[in-house]
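What follows is a short report on a single structure.
The values are calculated or read from the model by the stated rules, or taken from the named source; none is laboratory data. These figures come from a predicted structure and were not determined experimentally. We place every Cβ from the backbone using ideal geometry, glycine too, and count neighbours over all the protein chains shown. Note: accessible area is taken over every heavy atom of the protein model, side chains too, but ligands, DNA and RNA are not part of it. Shrake-Rupley method; radii C 1.70, N 1.55, O 1.52, S 1.80 Å.
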Amino acid sequence: MLSTVYGSVVVGIDAFLVEIEVDVSPGLPAFNIVGLPESAVKESRERVRAAVKNCGYGFPTQRITANLAPADIKKEGTGLDLPLALAILVVSGAVSKDAVEGMVFCGELSLDGSIRPAKGVLPMGLSVRDQGLRGLVVPEENAGEAAVVKGLSVFPVNHLSQVAEFLKGEISIGKKEVDLDKLFACHQQSGPDFCDVIGQETAKRALEVAAAGGHNVSMVGPPGSGKTMLARRLPSILPPLTFEEALETTCIYSVAGLLPRDTPLIVRRPFCSPHHTISDAGIIGGGTIPRPGQVSLAHNGVLFLDELPEFKKNCLESLRQPIEDGYVTISRAAMTLVFPSRFTLVAAQNPCPCGHFGHEGHACSCTPSQIHRYRTKISGPLLDRIDIQIDVPAVAYNELSEARRGEPSEVIRKRVVKARKRQEDRFKGRHIFCNAQMSAREINSYCMLDTKCRAFLEDVSRRLRLSARAYHRIIKIARTIADLAGTNDIQMNHLAEAVQYRSFDRDKNIV
């Protein structure tokens with residue numbers, strides 16, 4: 001006898017349907033799974049056997065063959081336990097074929113039949129909706145995650161017996177509903193606020209420009225000057241996530257198994273701050289079965305690299321492609337996967353190994369060669385990809401002792417949102433979301449400079465010996481500054497401010 005039940009597996013951050021065919025034929029008792037199953041899928045034989053028996057159903061004592069189609073794609077994970085068990089119940093006559101038709105099932109089984117949560121339920125839900133099937137049966141803990149997909153019927157379950165009774169019509173299971181408006185309202189609470197930052201007006205202005213244009217930032221300053229404090233407050237002034245951005249980000253966290261149980265949809269921009277001992281695969285992604293790295297977990301948010309020169313050189317150099325392209329390509333012998341990685345990079349470092357080079361109150365104990373080696377740990381091509389480079393000096397005591405609070409994040413965010421709206425209108429239909437993503441063609445179209453501005457930029461480029469990439473980045477920053485000012489044309493003061501945000505170029509080319 002033959003039965004067919006649909007499940008789903010994830011490859012990269014995309015899900016595809018798996019047709020599970022189970023055949024029972026005469027012969028010695030055996031249970032074989034074919035169709036390129038990974039170890040976790042092969043082990044499901046024992047989980048399924050025990051779960052079916054412990055739920056009071058008979059398990060076939062003949063030769064069982066389960067085929068996972070399409071057979072040319074590797075299947076991994078534990079989410080195929082539930083559909084595999086249901087295929088056994090169908091072939092044994094406990095559940096009818098018509099009951100499972102048009103439904104997709106996902107979940108890991110315990111030996112007693114309980115259903116545990118699985119990874120990647122949100123992309124599975126998107127796939128089921130796009131295929132136009134009847135609905136998705138998922139573990140109760142994953143139901144909210146799947147229910148954010150509009151137009152999808154989601155049925156939460158917690159036990160194999162419950163699923164069987166539901167399919168036989170003995171009980172009813174209500175569809176899971178999620179109020180997206182309430183979800184966004186509840187989770188859009190303010191975190192760290194810029195009003196807590198005393199002093200550092202230049203750095204705060206630079207971060208406002210970075211937020212308005214999606215620019216990458218590097219901060220150099222002595223220990224305790226507030227670099228980490230400033231970086232952690234950058235998400236509070238970024239524009240709110242749109243629903244489409246929230247879905248993209250949640251898919252990544254769902255696949256990685258990092259989605260919080262009480263958060264069916266990530267509605268706040270992520271902030272990732274990996275330790276400097278992280279491996280290449282940890283920051284970019286990879287593994288035997290590739291998983292998203294920190295650059296993908298920071299998608300639509302902020303990737304903060306504290307103590308930048310302490311990171312391994314390979315890790316830093318591997319950031320070039322995601323910074324430039326907005327995605328990571330991971331190639332293996334059997335597959336090539338693409339993970340999105342459109343993030344704002346914020347890097348922080350000391351001016352020297354001891355941290356006190358140039359500090360008026362502390363003498364630097366480093367030799368010139370030590371300072372040179374420390375600074376050259378970061379390659380020129382990587383620095384070129386960082387739009388805004390600023391110095392963050394130590395805050396004077398008289399500023400720290402003032403009771404005056406800084407400008408709150410909500411006020412800064414309003415200006416940022418207004419600037420982003422100008423960019424959205426400007427780039428409509430071009431698949432560009434902010435000024436930092438402009439190519440040379442867009443720069444020529446939307447960043448026209450008058451004769452005076454061109455002469456000024458030509459002089460700056462000659463004096464600082466700017467690369468072509470640095471030249472274009474200055475123009476992009478100036479375009480963002482003009483958007484914050486609400487002007488259509490880039491003016492001389494906008495260019496002058498943009499040049500001030502290239503401190504590394506100035507320090508290396510003093511004339």
- Task: Tell me which residues, restricted to the stretch 267-292, are open to solvent by less than 20 Å² (accessible area, probe 1.4 Å), farther than 26 Å from PRO37 by Cβ and part of a loop (DSSP other than H, G, I, E, B).
- Result: VAL267, PRO270, PRO274
- Note on the structure: Filter the stretch 386-402 for residues that are open to solvent by 70 Å² or more (accessible area, probe 1.4 Å) and modelled with pLDDT of 85 or more; the one that is farthest from TYR471 (Cα to Cα) is PRO393
- Message: Condition check: surrounded by 13 or more Cβ atoms within 10 Å (Cβ to Cβ) and in a helix (DSSP H, G or I). Does ARG422 satisfy that?
- Response: yes
- Considering (1) over 22 Å from LEU111 (Cα atoms); (2) in contact with a Gly (Cβ under 7 Å, 6 or more places away or on another chain); (3) not in a helix (DSSP H, G or I), say which one LYS175 fails and leave the rest. (2)
- List the helices (runs of 4 or more DSSP H) that sit entirely inside the stretch 49-136 and contain at least 3 residues that are buried (at least 16 other Cβ atoms within 10 Å of the Cβ) and touching a residue at least 12 places away in the same chain (Cβ under 8 Å). 81-91, 121-131
- Item | Unique match (being in contact with a Leu (Cβ under 6 Å, 6 or more places away or on another chain) and on the phi > 0 side of the Ramachandran plot) among GLY35, GLY27, GLY7 | GLY35
- What is the one condition in (1) touching a Phe, Trp or Tyr at 6+ places or on another chain (Cβ under 6 Å); (2) over 30 Å from SER92 (Cβ atoms) that SER218 does not satisfy? (1)
- Note on the structure: If we keep only residues of the stretch 423-457 that are out of contact with any helix residue (DSSP H, G or I) (no Cβ under 8 Å at 6 or more places or on another chain) and of a type in the set (Lys, Arg), then the residue nearest to ASN216 (Cα to Cα) is ARG441
- Residue count, the stretch 219-276, condition at pLDDT 95 or above and of a type in the set (Phe, Trp, Tyr), comes to 2
- Screening ALA206, ALA212 for residues that are out of contact with any strand residue (DSSP E or B) (no Cβ under 6 Å at 6 or more places or on another chain) and in a helix (DSSP H, G or I) leaves only ALA212
- Can you find a residue in the stretch 370-385 that is polar (S, T, N, Q), within 18 Å of GLY282 (Cα to Cα) and either open to solvent by 40 Å² or more (accessible area, probe 1.4 Å) or without any contact (Cβ under 8 Å) to a residue 40 or more places away in the chain (or both)? no
- Query: So which strands (runs of 3 or more DSSP E) are wholly in the stretch 316-398 and hold at least 3 residues that are in contact with a Leu (Cβ under 7 Å, 6 or more places away or on another chain) and under 30 Å from GLU76 (Cβ atoms)?
  - Reply: none
- Item | Enumeration of residues in the stretch 33-48 that are in a helix (DSSP H, G or I), within 15 Å of VAL9 (Cβ to Cβ) and touching a residue at least 60 places away in the same chain (Cβ under 8 Å) | SER44
